[in-house]
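Peer 1: Mind looking over this structure? Questions follow.
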Amino acid sequence: MLNLLSNIIPLAFVVKLDELLPVVLSTIIFVLIGLVVFAVAFLIVVKITPFSVKKEIEDDQNIALAVIIGAIIIGVAMIISSAIGGDSSPAPSVQQTTATVQSK
C-alpha cells in the first residue's frame, strides 16, 4: 500500500518546465487577490465594531474577542480559498438530471 502511494503522490505535483511560468503567475495573482479580499473583510469587521478591537485584545486581554476575531479570520480564509479553488467536480447538466428522474 505504501509503495502504491509513493508512486502516485509525487506525480500530482509535477509541472512541465514550459508550463511553470503560467502556473506561478496565476498562483501569485490568486494569492494577491485573496490577500486583498481578506484585508478588506478584516477592515470591515474592525470598522463595524463599536469599540477598538486592538485595544480590547492587546490592552484589556479580551480572550473571547480574540477567539471570535480568529473564527472570523478562518471563515473568511475558507471562503476565499473555496472561491479561488472552485469546485473540481462538474455540475450535473439538466439532461442528466431529467434522465435520472425519468428512469426512476
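Readers should treat all values here as calculations from the given coordinates under stated rules, not as data from a laboratory. From a predicted model like this one, the values you see are computed outputs, not experimental measurements.
Peer 1: Would you mind calculating the gained length between S52 and I72 on full extension (0.36 nm times residue separation, minus the Cα-Cα distance), in nm to one decimal?
Peer 2: This chain segment gains 5.6 nm when fully extended.
Peer 1: Let me ask another. Using the Karplus curve 6.51 cos²θ - 1.76 cosθ + 1.60 with θ = phi - 60°, what ³J(HN,Hα) values do you get for each residue of region 64-74, in whole Hz, with x for Gly and Pro?
Peer 2: Taking θ as phi minus 60°, the curve returns 4, 5, 5, 5, 5, 5, x, 5, 5, 4, 5 Hz for region 64-74.
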